[in-house]
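First comes the structure, then the notes that go with it.
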Amino acid sequence: MNPSDPGSLIALRHFSLDRPVTCSLVSGDLENFFTIRLTGPIGKYMEIYKGDPIIFSLMASDTSDICGGFILSRKESDITISPDITPSIIAERRKSPRYPVSLLGSISHVNGRECEIPARVKDISQNGIRIYTESEFNVQDHIGIRICAGDIELDIEGAVVRCARLFGRNEYGIQLIHRHKKAEAAVRANIEALVEREKKMIEEALLASNG
């Protein structure tokens, strides 16, 4: 995504809201770090914190390039964002593309023990998912993750393959595990539907702002 001029409209997706919002670019470079301004009441009441994952896009030449990033700071309605240039923390060589998202999720079980632990989803692919949570897990722990986005419900299982500590939170790379082919096909279909849903919402927000 190329840098843009101040005042350009950007669609921003944060997991605290049901749909993306449009905002204006104040300063900076979309490929490094930049500041945007939220307008209207939502700019005052939107609950966001340092390190939160977001996705964003700038409409250019009738196409949209959707990128991932995270919140660096906020001052009233101005939010400074860094693009996420962290390489995939899934240990194996990635077999499918990674899609940035900003979604609410929960840990439903850990090593066979049921639980209900809040989690935030930063990106997803057909082979893995990246999340952060306040809870601590170990490499090789088996966990279940539940994501609800609109009419899509996604229940997946995986093994922790990488841990990191960022912004006072625990970030994990999870490699997906499928019990059988039928379950794998269903999970893959739901991941595709979820990614398409997120893309469509960003594109609709940009089109509405330009209309």
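What follows is calculated from the coordinates using simple rules that are stated; it is not laboratory data. Predicted model, so just to flag it, every value in this text is computed and none were measured. Positions of Cβ are backbone-derived with ideal geometry, glycine not excepted, and every protein chain shown enters the neighbour counts.
For the reader, a short list of remarks on this structure follows.
- Taken over the range 87-211, lysine pairs spaced eight or more positions apart, or on distinct chains, with alpha carbons under 22 Å apart number 6.
- Backbone phi angles across the range 98-114, fed through the Karplus curve with coefficients 6.51, -1.76 and 1.60 (θ = phi - 60°), yield HN-Hα couplings of 9, 10, x, 9, 9, 9, 7, x, 8, 8, 9, 7, 10, 6, x, 9, 5 Hz in residue order; Gly and Pro are listed as x.
- q = 0.08, 0.18 Å⁻¹, the chain: log10 I(q)/I(0) [Debye, one scatterer per Cα]: -0.27, -1.30
- For the chain, the residue among His178, Ile54, Gly105 whose Cα projects farthest onto the positive side of the dipole built from Cβ charges is His178.
- Residues Ser96, Ser24, sorted so that the one with the fewest Cβ neighbours within 10 Å comes first: Ser96, Ser24
- With all pairs of separate Cα atoms included, the range 99-198 yields a Kirkwood hydrodynamic radius of 13.5 Å.
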